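Student: There's a structure below that I have some questions on.
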2 protein chains.
Amino acid sequence: MDSQGSFPLGPSSLTEALYESVRKRIVNGEIAPGEKLTEVRIASEYNVARPTAKACLERLTALGLLRRSVHKTAVVPKLGEDEIRDLYFSRETVERAAVAALARRGVVPPAAVRAQAAMKAAATDMAFESQVEADIAFHSALVAGVGSRRLSRMHEVILGEVHLTMGQFQAHRTTHPMNVAHEHDAILKAIEDADPEAAQQRLTHHLDQAQDRLIGQLRREGGAVEEPPEEAPA
Amino acid sequence: MDSQGSFPLGPSSLTEALYESVRKRIVNGEIAPGEKLTEVRIASEYNVARPTAKACLERLTALGLLRRSVHKTAVVPKLGEDEIRDLYFSRETVERAAVAALARRGVVPPAAVRAQAAMKAAATDMAFESQVEADIAFHSALVAGVGSRRLSRMHEVILGEVHLTMGQFQAHRTTHPMNVAHEHDAILKAIEDADPEAAQQRLTHHLDQAQDRLIGQLRREGGAVEEPPEEAPA
DNA sequence: TCATGAATACTTGCCTGACAATTCTGCGCG
DNA sequence: CGCGCAGAATTGTCAGGCAAGTATTCATGA
């Protein structure tokens with residue numbers, strides 16, 4: 001049958017384009033959590049060789065967007081309560097350091113205010129996914145504004161999992177986007193005032209609320225299975 | 001032609017063993033900074049197929065232990081002053097969060113005191129590389145003690161680059177290992193006393209000193225070339 | 001009927017071999 | 001002495017294949 005060759009690839013290098021496309025499909029929830037992603041499936045869907053698909057799955061696994069152990073099929077994970085707490089603990093660690101550094105300088109990254117504007121514009125009429133992306137762009141710009149390549153890299157990985165988790169709760173959004181927009185404003189204000197303590201405190205408040213919303217949704221609906229830690233660190 | 005097959009592989013899976021071996025050779029400075037690592041070289045040295053070697057280089061590149069852009073050979077990087085500052089900024093971010101969390105609980109991870117004991121034992125007579133490894137084990141245990149998988153993962157990446165940089169200055173060590181041992185003790189003491197502020201303050205002092213030592217050595221000897229940032233973040 | 005064990009299909013780990021595209025190197029020419 | 005160009009070196013991607021491990025199904029025995 002002709003079950004292959006329907007997902008178009010982006011512009012850049014083949015591996016890169018494949019990676020980006022699969023990544024998007026995962027974080028958008030287009031590929032459901034728990035769904036299995038075999039190498040041959042990716043290979044045939046995109047008309048690429050199996051090694052290429054393999055490399056793609058390995059990259060996604062390294063980023064935490066897929067889980068797999070040896071000789072087993074990769075599945076997109078569904079984070080349980082503990083995992084979400086761990087994720088947000090790490091996220092707070094990175095972003096607190098970022099806003100503190102920014103506030104110490106007292107300069108707000110231009111990209112952050114741009115993202116914030118886009119967020120407000122998307123608040124009323126745009127699709128949920130657009131709001132999520134605007135929110136992520138804001139936090140991403142905040143960290144990028146520090147100018148630390150390594151901090152940004154760590155944050156990128158974390159935001160990947162955050163995006164994934166938010167995408168999985170897409171259907172039942174209960175958040176008012178204007179609320180988070182106001183919280184964003186408060187953070188920017190504190191940075192502008194060169195007040196590191198306040199900036200950190202407001203960021204923590206913001207993230208704690210987001211975490212609570214996620215965990216609340218998780219408890220309400222599919223409490224489902226919590227996967228065990230896949231690997232005991234030596 | 002018997003020009004191949006001289007580096008023995010470890011016990012585990014082939015890819016894993018290959019990765020570990022090459023990683024060790026890099027962080028130990030056995031492969032000099034600036035040296036080029038081609039896929040075929042690795043493949044022939046270890047008697048593995050080129051795709052296997054390729055995967056290995058890709059993993060090391062993702063960890064920051066190698067640098068390469070498309071179609072160019074991977075080289076082991078030599079961190080410049082700015083890079084070292086960035087590295088230690090990220091390191092402080094992660095480790096400060098770790099010791100604060102530990103101090104809030106008031107419990108010292110047993111693995112950390114074990115590593116600390118090993119460090120003191122190695123202080124006088126053992127080789128420099130053993131001291132470095134004991135030091136790294138101590139900080140690693142500190143972060144692992146928090147129990148956050150994601151924090152540990154971030155830290156692991158950072159320590160990889162730290163290890164690499166320390167290994168490159170192997171010859172000209174000027175540090176008295178007992179000094180750093182005492183600083184470690186002070187950190188543990190603050191954690192035990194459940195004093196997060198003190199723990200963070202002492203950790204910062206410890207890391208700042210280490211950073212200054214590294215930068216001092218860098219300035220003294222090969223100021224050399226500082227490689228430009230390989231990629232402009234979007 | 002239900003539980004247990006064996007055979008089969010599926011999937012991944014790793015290999016050989018090959019071709020195209022790109023980058024690097026050295027040589028000759030203006 | 002600078003410049004461009006051909007050849008070499010290196011990587012990106014593919015095809016095909018075998019071995020090994022995992023999951024599933026089916027048949028057999030209690």
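Student: On a C-alpha basis, how far is the centre of the stretch B:98-152 from the centre of the stretch A:93-165 in Å? Whole number, if you could?
Tutor: 33 Å
Student: If the reach is capped at under 20 angstrom between alpha carbons, list the lysines near A:K72, excluding any in the same chain fewer than eight residues apart.
Tutor: Output for A:K72: A:K36, A:K54.
Student: Also: Express the carbon and sulfur contribution to the solvent-accessible surface of the protein assembly as shown as a percent, rounded to the nearest whole number, probe 1.4 angstrom. Provide the component values of the computation, followed by the final result.
Tutor: Values: 12610 of 22990 Å².
Carbon plus sulfur share of accessible area: 55 percent.
Student: While we're here: If only Cα atoms are counted, what is the Rg of chain A, and what is its Dmax, in Å?
Tutor: Cα only, chain A: 18.8, 63 Å (Rg, Dmax).
Student: Pull up the cross-link candidates among the lysines for A:K120, meaning alpha carbon to alpha carbon under 25 Å and not fewer than 8 places away within one chain.
Tutor: A:K24, A:K189
Student: What residues qualify as long-range amide H neighbours of A:A74, i.e. H under 5 Å apart, gap of 5 or more or another chain, H built at 1.01 Å from N?
Tutor: The list, which skips near neighbours in sequence, is A:L37.
Student: So, one more: What is the dipole size for the stretch A:14-75, taken about its Cα centre, with +1 at each Lys and Arg Cβ and -1 at each Asp and Glu Cβ, in debye to the nearest 20?
Tutor: Details: 11 positive and 7 negative charges, 44 e Å.
Its charge dipole is roughly 220 debye.
Student: Here is a follow-up. What are the ³J(HN,Hα) values, in whole Hz, obtained from phi via the Karplus relation 6.51 cos²θ - 1.76 cosθ + 1.60 with θ = phi - 60°, for each residue of the stretch B:106-112 in sequence order, with x given for Gly and Pro?
Tutor: Each residue's phi maps through the Karplus curve to give x, 10, 8, x, x, 4, 5 Hz.
Student: Return the tail of the calculated pair distribution for the stretch A:70-139, meaning the percent of Cα-Cα pairs more than 14 Å apart.
Tutor: Working: 1760 of 2415 pairs.
For the stretch A:70-139, the fraction of Cα-Cα distances above 14 Å is 73 percent.
Student: Also, I was wondering about something else. Given +1 on the Cβ of Lys and Arg, -1 on the Cβ of Asp and Glu, and no further charges, what dipole in debye does the stretch B:81-220 carry about its Cα centre, rounded to the nearest 20? Write down the numbers at each step before the final one.
Tutor: Numbers: 16 positive and 20 negative charges, 55 e Å.
Charge dipole, the stretch B:81-220, about its Cα centre: 260 debye, nearest 20.
Student: In the protein assembly as shown, with Lys and Arg counted as +1 and Asp and Glu as -1 at Cβ, which of these residues, A:A118, A:Q200, A:S13, has the Cα nearest the positive end of the dipole, that is, farthest along it?
Tutor: In the protein assembly as shown, that residue is A:S13.
Student: If packing is taken as the average count of other Cβ atoms within 10 Å, what order do A:18-29, A:40-51 fall into, highest mean first? Each step should come with its number before you reach the end.
Tutor: On the way: A:18-29: 19.6, A:40-51: 15.7.
Highest mean packing first, the order is A:18-29, A:40-51.
Student: How many Å² of accessible surface get buried when A and B come together, counting both sides, probe radius 1.4 Å, rounded to the nearest 100? Before the final figure, lay out the partial values.
Tutor: Values: alone 12480 and 12470 Å², together 22990 Å².
By this definition, chains A and B bury close to 2000 Å².
Student: In addition: In whole angstrom, how long is each semi-axis of the equivalent ellipsoid of the stretch B:81-220, when you take the square root of 5 times every eigenvalue of its Cα gyration tensor and sort them from largest down?
Tutor: Values: eigenvalues 104, 59, 37 Å².
Semi-axis lengths for the stretch B:81-220 are 23, 17, 14 Å.
Student: Can you compute the modelled spin-label distance between A:H205 and A:A62, with each label point 7 Å from Cα toward Cβ, in nm?
Tutor: Result for the modelled spin labels: 4.0 nm.
Student: Dipole size in debye (nearest 20) for the protein assembly as shown around its Cα centre, Lys and Arg Cβ +1, Asp and Glu Cβ -1?
Tutor: Values: 56 positive and 66 negative charges, 123 e Å.
Magnitude of the dipole: close to 600 debye.
Student: Give me the net charge for the shell around A:G145: Cβ to Cβ below 13 angstrom, other residues only, Lys and Arg +1, Asp and Glu -1.
Tutor: Values: positive: A:R104, A:R105, A:R114, A:R149; negative: A:E95, A:E192.
Once all neighbours under 13 Å are counted, the net charge is +2.
Student: For A:P51, place a label point 7 Å out from Cα along the Cα→Cβ vector, do the same in each other copy, and report the separations in nm, one decimal, smallest first.
Tutor: 0.5
Student: For the stretch B:55-98, which trypsin sites (Lys or Arg not before Pro) are both in a DSSP coil and crowded by at most 11 other Cβ atoms within 10 Å?
Tutor: On the way: sites: B:R59, B:R67, B:R68, B:K72, B:K78, B:R85, B:R91, B:R96; in loops: B:R68, B:K72, B:K78.
Passing both the DSSP loop test and the Cβ count: B:K72.
Student: For the rotation that brings chain B onto chain A, whose beta-carbon in chain B is nearest the axis, and what is that distance in whole angstrom?
Tutor: Smallest Cβ distance to the axis, with its residue: B:M154, 2.
Student: Determine the per residue accessible area of the stretch A:97-199 with all protein chains present and a 1.4 angstrom probe, expressed in square angstrom.
Tutor: Working: 4360 Å² over 103 residues.
I get 42 Å² per residue for this part.
Student: Stokes-Einstein D for the stretch B:14-75 at 37 °C, 0.692 mPa s, Kirkwood Rh over Cα pairs, in µm²/s? If you can, show how the numbers build up before the last one.
Tutor: Values: Rh = 11.4 Å.
Value of D from the Cα-based Kirkwood radius: 287 µm²/s.
Student: State the volume of the convex hull built on the alpha-carbon positions of the protein assembly as shown, expressed per residue in Å³ and rounded to an integer. Show your work: numbers first, answer last.
Tutor: Details: hull volume 80.2 nm³, N = 468.
Taking the convex hull of the Cα positions in the protein assembly as shown, it is 171 Å³ per residue.
Student: Once R0 is set to 22 Å, what does the formula 1/(1 + (r/R0)^6) return for the Cβ-Cβ distance between B:A111 and B:M178, expressed as a FRET efficiency to the nearest 0.05?
Tutor: Numbers: r = 21 Å, r/R0 = 0.97.
It comes to 0.55.
The values are calculated or read from the model by the stated rules, or taken from the named source; none is laboratory data. Since the model is a prediction, treat every value here as computed from it, not as a measurement. Please note: Cβ atoms are built from the backbone with ideal geometry, for glycine as well, and neighbour counts cover all protein chains shown. What goes into the accessible areas is simple: the full protein's heavy atoms, side chains included, and nothing from ligands, DNA or RNA. Shrake-Rupley method; radii C 1.70, N 1.55, O 1.52, S 1.80 Å.
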